[in-house]
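Participant: Below is a structure I'd like to ask you about.
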Amino acid sequence: MTTDLKIIAFPGAPNLPLFAGIERGFFANAGLEIDLTTTPSSIYQFEQFAAGAFDIAFTAFDNVVAYREGQGAAKLASVPDFRVLMGATQIELSVVVAPDIAEAADLKGKSLALDAVSTGFAFVLYELLKNLGLDRADYEAVAVGATPERWQSVKAGTHAGTITIEPFTSIARMAGFKVLARSSDLLPAYQGGIVAVRQDWAAAHTETVDAFIAAYLKGLDWTLDPANRAEAAALLLAKMPEIKPNVVDAVMSSLLSPRSGLTPGGKILADGMQAVLDLRSRYGHPATKLTNIDKYLYLDPLERVSARLG
């Protein structure tokens, strides 16, 4: 018997373990049929995730924190108990700007494209620009959507810059756009991507959740195996046609880097999560000091499956 599993994820190279799990039959062998949707924005993702349209979300850790703390960009009628099921990636975030922007000061008075102005990736942008001498009032932050939409808006000249993940950082660089700063230059660790569930749904579907984790980890292990790099790159090119052969090596290097890429074993990064809480404490509204990462976690299934897999 096959179980349909509806997953929503942001578009990007970090989805490669999912692609691998689907294409190599790891999910099918676990009795799962994966219905994968990429989201146009975090607002859409969490409106639909909260409504039960999706079972699992590949999203930013900060989104879980934001909605649990009543600071989410979408105003939900009720907020489910969103929880982190496992870690996905650190995610290296880059400030990409138009070719005519020589330095951060050139962004004064200009607009920057964001997913939403009060999400964690926006906070990383604010922090990186602050480190370069720009105050929040020096530029306009505009909600545009997920990375593909943001990159296209900068490419078209609608906005002067944005914050990107791979493969869009490498695509932008190859197109002559500049990278002013990277999150890894300022933040020693940053828990960007995670896998989230509604805890009540997960508790009611234990076997499905365990099967998903086991199959995903097989896809992750396959992706991280150096022997599979060429095949993994080919799969990424097939699944993301916006990636061109001349940038796929840079994308793979970032994705496989322990500094900016996928998290082996689906582990969480406690210090990276604390960095997320620190930024939300600084930039979130209403101002709230956040210190306890445990309230956002539901790691029992991962620990159970990992122990079984050895």
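The values are calculated or read from the model by the stated rules, or taken from the named source; none is laboratory data. Please read these numbers as outputs of a predicted model, since none were measured by experiment. Reconstructed Cβ throughout: ideal geometry from the backbone, glycine too, with neighbour counts over all protein chains shown. When the accessible area is computed, the model is the full protein with side chains, heavy atoms only, and any ligands, DNA or RNA have been set aside. Shrake-Rupley method; radii C 1.70, N 1.55, O 1.52, S 1.80 Å.
Participant: Any chance you could count how many residues in segment 169-186 are at negative phi and either small (Gly, Ala, Ser) or open to solvent by 50 Å² or more (accessible area, probe 1.4 Å) (or both)?
Facilitator: Counting residues in segment 169-186 that are at negative phi and either small (Gly, Ala, Ser) or open to solvent by 50 Å² or more (accessible area, probe 1.4 Å) (or both) gives 12.
Participant: What residue, among those in segment 256-275 that are within 12 Å of Phe61 (Cβ to Cβ) and polar (S, T, N, Q), is surrounded by the most Cβ atoms within 10 Å (Cβ to Cβ)?
Facilitator: Thr263
Participant: Restricting attention to segment 1-17, report how many residues are of a type in the set (A, V, I, L, M, F, W, C), more than 18 Å from Ala202 (Cβ to Cβ) and open to solvent by less than 10 Å² (accessible area, probe 1.4 Å).
Facilitator: Looking only at that region, the number is 2.
Participant: Let me ask something additional. Only residues that are open to solvent by 30 Å² or more (accessible area, probe 1.4 Å), in contact with a Gly (Cβ under 9 Å, 6 or more places away or on another chain) and either hydrophobic (A, V, I, L, M, F, W, C) or under 13 Å from Thr2 (Cα atoms) (or both): list them for segment 35-55, please.
Facilitator: Hit for segment 35-55 is Ile43, nothing else.
Participant: Within segment 276-292, restricting attention to residues that are of a type outside the set (Ser, Thr, Tyr) and open to solvent by 20 Å² or more (accessible area, probe 1.4 Å), which residue is nearest to the chain's Cα centre (by Cα)?
Facilitator: Asp278
Participant: Which count do you get for residues in segment 56-98 that are at pLDDT 95 or above, farther than 24 Å from Asp271 by Cβ and open to solvent by 30 Å² or more (accessible area, probe 1.4 Å)?
Facilitator: Count: 1.
Participant: Just name the residue that is nearest to Val84 (Cα to Cα) out of those in segment 282-310 that are without any contact (Cβ under 8 Å) to a residue 24 or more places away in the chain and not in a helix (DSSP H, G or I).
Facilitator: Asn292
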